[in-house]
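> First the structure, then my questions, so here it is.
What follows is calculated from the coordinates using simple rules that are stated; it is not laboratory data. Keep in mind that this is a model prediction, so the values were computed, not measured. Note that we place each Cβ from the backbone using ideal geometry, even for glycine, and neighbour counts take in every protein chain shown.
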Amino acid sequence: MHDQQPRRNSVDRSEFYKELDSLNLAPLWEVLKGLVPADPRPVAAPYAWHWTTVRRQLLAAGASISAEEAERRVLVLENPKLKGKSQITDTLYAGLQLILPGEVAPAHRHTQSALRFVLEGAGGYTAVDGERTTMQRGDLILTPFWTWHDHGHDGEGPVIWMDCLDVPLVGFLKTGFREEHAATAQTMSRPEGYSAARYGSGLLPVGQQFGSLTSPVFNYPYSRTREALHRLAQTQEIDPHFGICLRYVNPVNGDWVMPTLGPSMRLLPEGFSTSGYRSTDSAVFVLLEGEASIEIQDQPPITMHANDVFAMPGWSSYRIQALKGDCVLFSFSDRPVHEKLGLFREEKQ
Ligand code: GTQ
């Protein structure tokens, strides 16, 4: 039998910890429960940005700086618990971008993946690797990582969309690269509609091999999404947790459209209320049609009108109610990453 060493008392310990610290060592037992928590503890708070307020400030930004000077004239949606970090949730970036008639947001590319969800205006376009697509409200447009992209506007009035990027994830991995294009706007090498015809019509070219992690379709028009949702609402049983909820799909492999960002669109018929649900992924919701309320457990419900944006931290239990009209709700989340890493969990109440 060997002697038990007497334990240091807590005063001694603090001296011991200082000594450890000076050697760049740290006692795990002081932080273990925080490092491996019993359940997820997001830092982000649930929060809503109301369209009328944000739109007014965006137009003020339009009066204050040009798209070309700003490179991207965007108001970042900053989670109140993550100020200064350009994060809407712990893992996601979102911002609202404004383009005015005649402007160009210059071409660049980066290793962050981006989605654009169009909120207002007509005549705006995004060009991706030599092909342009015109934006209509409710369209989902992809800018796969490392593709050249510029945005412009040939129409009238402001064009506004939500940028959704995996900036915090790429930042955490320290895998960010960017390049400016030599020209402000890239030259088009294919006519508008080329990708939609080649990959987005329920058909794929025979013999073409696909290696990319991102969908080759880069505009998912709202007219088609809306039609699908409303048809299903007439015929399909409505899921108690999701309503009628469809995810945007990569037609090549049935996977999410991007490796890091998972967008989906749901319809909740007027008066419908979802049952409580939570999942590990954090999400951003945008109400496109109707009036809805989002209720996070133990908090007062928040009413959402058209184009309002809501940050949903991971592992928050929530219900959504369609208050007025059939509600159409866009969302995107980091679910593809959770799934690929085997970390995705959900709980239905
Ligand atoms: O349009 O390329 O909101 O690179 C943030 C970074 C938009 C863009 C953002 C970007 C972009």
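> For the peptides 137-144, 25-32, what is the packing order when you average, over each peptide's residues, the other Cβ atoms within 10 Å and list the highest mean first?
137-144, 25-32
> Calculate the length of the line joining the C-alpha centroid of segment 274-349 to that of segment 187-203, in whole Å.
Cα centroid to Cα centroid, the span is 32 Å.
> I would also like to ask the following. Mind checking the dipole of segment 193-349: about its Cα centre, +1 per Lys or Arg Cβ, -1 per Asp or Glu Cβ, Debye to the nearest 20?
Taking the Cα centre of segment 193-349 as origin, the dipole is about 440 debye.
> Quick check: the angle from helix 10-22's long axis to the longest principal axis of the chain, C-alpha only, nearest 10 degrees?
Value to nearest ten degrees: 50.
> Suppose each label sits 7 Å from its Cα in the direction of the beta carbon; what would the Ala196-Glu15 distance come out to in nanometres?
Placing both labels 7 Å beyond Cα along the Cβ direction yields 7.6 nm.
> So what does the Cα-only Debye profile of segment 1-126 read at q = 0.11, 0.13 Å⁻¹, as log10 I(q)/I(0), no solvent term?
The Debye formula, applied to the Cα set alone, gives -0.63, -0.74.
> What's the magnitude of the charge dipole for segment 60-103 around its Cα centre, counting Lys and Arg as +1 and Asp and Glu as -1 at the beta-carbon? Answer in Debye, nearest 20.
Rounded to the nearest 20 debye, it is 260 debye.
> Oh, and also: Please list the radius of gyration and Dmax for segment 12-61, considering alpha-carbon atoms only, with Å as the unit.
22.0, 60
> What's the local net charge at Trp256, with K and R +1, D and E -1, over the other residues with C-beta under 9 Å away?
With Lys, Arg at +1 and Asp, Glu at -1, the net is 0.
> Report, in debye and to the nearest 20, how large the dipole of the chain comes out about its Cα centre when Lys and Arg carry +1 and Asp and Glu carry -1 on their Cβ.
320 debye
> Need one number: nm distance between label points at Glu180 and Glu347, each 7 Å from Cα along Cα→Cβ, rounded to one decimal.
If labels sit at Glu180 and Glu347, their model points lie 4.9 nm apart.
> If you don't mind, there's one more thing I want to ask. List the lysines whose alpha-carbon lies under 25 Å from that of Lys18, not counting same-chain residues fewer than 8 positions away?
Lys33
> Let me ask something else about it. Against the empirical 2.2 N^0.38 Å scaling, what ratio does the C-alpha Rg of the chain come to?
1.13
> Something else about it: By how many degrees, 0 to 90 and rounded to 10, does the Cα axis of helix 51-64 deviate from the longest principal axis of the chain?
Roughly 80 degrees between the two axes.
> If I histogram all Cα-Cα distances within segment 191-349 using bins 10 Å wide from 0, what percent of pairs lands in each bin?
Calculated P(r), rounded to whole percents: 10, 36, 34, 16, 3, 0.
> I would also like to ask the following. Under 5 Å between amide hydrogens, which residues at least 5 positions from Val249 or on another chain qualify, with H placed 1.01 Å from N in the peptide plane?
Distant-sequence amide H within range of Val249: zero hits.
> Related question: I'd like the GluC sites (Glu not before Pro) in segment 139-181 restricted to DSSP loop residues with at most 15 other Cβ atoms within 10 Å, sorted by number.
Here the sparse-neighbourhood loop sites are Glu156.
> Compute the projected area of the convex hull of the Cα atoms of segment 180-247, averaged over all viewing directions, and report it in nm² to one decimal place.
Convex hull of Cα atoms, orientation-averaged projection: 8.0 nm².
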